[in-house]
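Shown next, in structure tokens, is the structure this report addresses.
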């Protein structure tokens, strides 16, 4: 049960001052809280024996007030320190999770659903936070506070009465342990179900246009209602076990009350304790109820915290599928990019996705990659971006195998424009500056000009300050593509990769962008993956991919002369262009 606290020892070590102050003052507060009942008992005895005087009464009142003030101050400080720590661990773990999400490569996201990752970053972190805040408090209250009360009951009043009154309590501890194990199991199941619900909601929101287009709103509502009901039922199973804590605790502690009052009255009649001591004992017995219930709360919080921490740590301990080399090999200039007999299979695939891929691209050259849909064009690019573990063969940049280079070093050479364009919910300017935050206004304008986005920008209501909406929802596909291209251009990278990034623009715009690339990127390497062959007629090399195999290679003129797939496709596209 206390495993979760042991696993969080690194956090307590880093924040030892905070928790030392909190725990010390919590103990002091607990001691302060057991003194007033003793004062009340002494006051009753003084009244009962006619020994009460005005001076003695004022002494009791002043002492009582001083204790109240001190208790308030001490409680404020320990609560601030202890519960402040719960927010600190949320921040720490959330930062670690975010760092993990940004660092992990695509295989990680193929294994983990986005909704589940969100659940771990929200609900699970809240449960862990409760453990280091409320959990620590209940731990102290259910141990030291309980011990303090029992010592006061035993030494200040009667050990015989104390032992008799606490006899039922071990039964409570056993029952709470059994219930706690059930909570742990059910809570993990409910959290996993919540992750699935999150994932379902994300899919519905992201695909809302498709849902509307196919008039599936009612179906999605029904699916969501079913999923929600499943989550509610699983959380209700947790709630059932949680609900057992209160009744079980109250029944057992009530039994202690009955024994305490009955046996206590007997001891008063025999003169072993006074009426005031019985009143004090009764107050203490009432104070024992919370520590007893705190045991149940403690088990509940620790079990939920352990289940959540296991889920969070499972994510944090995921190993990077493409680890950096132990020894960094620095490439000072990407003089060439070479694939030598490269074979590759995706982790989730049963078929070979690249077979014997072999080419060499010198600095300053342009490579065109074409082929049918699903032929392996983007797979070549993903290998270059170090998104998946290396396959067999040699992939090198600047004559140094890519597996010997750090990911950040490789990616610093590259400006990448993917097929699916991702824009952030910010202004157009901020989206372009994402490629180079310190770019000047002239560099921004040059990037926009190279992406042939000037005319569109002038038509937008606020120009560069126009908000694009979530994922660029307020823009057309072609506008989103050109903003993404401008974002890559502004970096002026040594290696520019356009992965089917001109599919949503018209032929004239495409021609202008390609011309700008030729004019402004002399001496720098460019890789263009495309279905539209007009975009690569100027390329120094063109390779045709089919089922992961290079079937044709050469310049545009050479491939036209060969009369293979490339010529057939080019002629077809020329005919379609003429018909248009």
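The values are calculated or read from the model by the stated rules, or taken from the named source; none is laboratory data. Please read all numbers here as calculations on a predicted model, not as lab measurements. Quick reminder, even Gly has a Cβ in these numbers, built from the backbone with ideal geometry, and neighbours come from all protein chains shown.
Restricting region 7-50 to residues that are in contact with a helix residue (DSSP H, G or I) (Cβ under 8 Å, 6 or more places away or on another chain) and not in a helix (DSSP H, G or I) leaves a set whose member that is farthest from residue 93 (Cα to Cα) is 34.
Inspection of region 57-73 finds a residue satisfying the criterion of being farther than 30 Å from residue 275 by Cα, assigned by TED's automatic domain parsing to the domain that holds residue 22 and in a helix (DSSP H, G or I). With the structure loaded, tell me whether residue 435 is assigned to a strand (DSSP E or B) and either surrounded by fewer than 19 Cβ atoms within 10 Å (Cβ to Cβ) or touching a strand residue (DSSP E or B) at 6+ places or on another chain (Cβ under 9 Å) (or both) or whether it fails that test. The answer is no for residue 435. Determine whether region 146-156 contains at least one residue that is part of a helix (DSSP H, G or I), in the same structural domain as residue 284 (by TED's automatic domain parsing), buried (at least 20 other Cβ atoms within 10 Å of the Cβ) and under 32 Å from the mean Cα position of the chain (by Cα). No, there is no match, as no residue in region 146-156 is part of a helix (DSSP H, G or I), in the same structural domain as residue 284 (by TED's automatic domain parsing), buried (at least 20 other Cβ atoms within 10 Å of the Cβ) and under 32 Å from the mean Cα position of the chain (by Cα). You will find that of 488, 535, the residue that is touching a strand residue (DSSP E or B) at 6+ places or on another chain (Cβ under 8 Å) and over 28 Å from residue 409 (Cα atoms) is 535 and no other.
Is one or more of the residues making up region 568-580 crowded, with 22+ Cβ neighbours inside 10 Å and in contact with a strand residue (DSSP E or B) (Cβ under 9 Å, 6 or more places away or on another chain)? No: region 568-580 contains no residue that is crowded, with 22+ Cβ neighbours inside 10 Å and in contact with a strand residue (DSSP E or B) (Cβ under 9 Å, 6 or more places away or on another chain).
Among the helices (runs of 4 or more DSSP H) confined to region 462-580, the ones with at least 3 residues that are touching a residue at least 60 places away in the same chain (Cβ under 8 Å) and closer than 22 Å to residue 418 by Cβ are located at 477-489, 507-520. If the condition is being crowded, with 19+ Cβ neighbours inside 10 Å and in contact (Cβ under 8 Å) with a residue 40 or more places away in the chain, then region 397-408 contributes 397, 398, 405. Farther than 20 Å from residue 288 by Cα, at pLDDT below 80 and under 50 Å from the mean Cα position of the chain (by Cα), is that true of residue 11? No; evaluated as a whole, the condition is false for this residue.
Here's the yes/no breakdown for (1) over 46 Å from the mean Cα position of the chain (by Cα); (2) part of a helix (DSSP H, G or I); (3) surrounded by 18 or more Cβ atoms within 10 Å (Cβ to Cβ); (4) modelled with pLDDT of 85 or more:
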{"site": "201", "(1), (2), (3), (4)": "no, yes, no, no"}
{"site": "233", "(1), (2), (3), (4)": "no, yes, no, yes"}
{"site": "241", "(1), (2), (3), (4)": "no, yes, yes, no"}
{"site": "245", "(1), (2), (3), (4)": "no, yes, yes, no"}
{"site": "249", "(1), (2), (3), (4)": "no, yes, yes, no"}
{"site": "252", "(1), (2), (3), (4)": "no, yes, yes, no"}
{"site": "260", "(1), (2), (3), (4)": "yes, yes, yes, no"}
{"site": "271", "(1), (2), (3), (4)": "yes, no, no, no"}
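Of all residues in region 301-322, those that are within 11 Å of residue 128 (Cα to Cα) have Cβ atoms under 6 Å from Cβ atoms of residues that are not in a helix (DSSP H, G or I), 6 or more apart or on another chain, in 302/1. What about residue 225, is it out of contact with any helix residue (DSSP H, G or I) (no Cβ under 9 Å at 6 or more places or on another chain) and either closer than 27 Å to residue 185 by Cβ or in contact (Cβ under 8 Å) with a residue 12 or more places away in the chain (or both)? For residue 225, the condition - out of contact with any helix residue (DSSP H, G or I) (no Cβ under 9 Å at 6 or more places or on another chain) and either closer than 27 Å to residue 185 by Cβ or in contact (Cβ under 8 Å) with a residue 12 or more places away in the chain (or both) - is met.
Considering (1) touching a residue at least 40 places away in the same chain (Cβ under 8 Å); (2) in the same structural domain as residue 90 (by TED's automatic domain parsing); (3) surrounded by 15 or more Cβ atoms within 10 Å (Cβ to Cβ); (4) touching a helix residue (DSSP H, G or I) at 6+ places or on another chain (Cβ under 8 Å), the lone condition that residue 344 does not fulfil carries the number (2). If only residues of region 365-396 that are in a loop (DSSP other than H, G, I, E, B) and surrounded by fewer than 15 Cβ atoms within 10 Å (Cβ to Cβ) are counted, the one that is nearest to the chain's Cα centre (by Cα) is 374. Would you mind stating whether residue 205 is surrounded by 13 or more Cβ atoms within 10 Å (Cβ to Cβ), part of a helix (DSSP H, G or I) and assigned by TED's automatic domain parsing to the domain that holds residue 297? When the stated conditions are applied, residue 205 does not pass them.
With respect to (1) more than 30 Å from residue 269 (Cα to Cα); (2) free of Cβ contacts under 8 Å to residues at least 60 places away in the same chain; (3) part of a helix (DSSP H, G or I); (4) more than 24 Å from the chain's Cα centre (by Cα), the lone exception for residue 215 is condition (3). Report yes if some residue within region 464-478 is touching a strand residue (DSSP E or B) at 6+ places or on another chain (Cβ under 7 Å), closer than 30 Å to residue 344 by Cβ and surrounded by 15 or more Cβ atoms within 10 Å (Cβ to Cβ); otherwise report no. Scanning region 464-478 turns up no residue that is touching a strand residue (DSSP E or B) at 6+ places or on another chain (Cβ under 7 Å), closer than 30 Å to residue 344 by Cβ and surrounded by 15 or more Cβ atoms within 10 Å (Cβ to Cβ).
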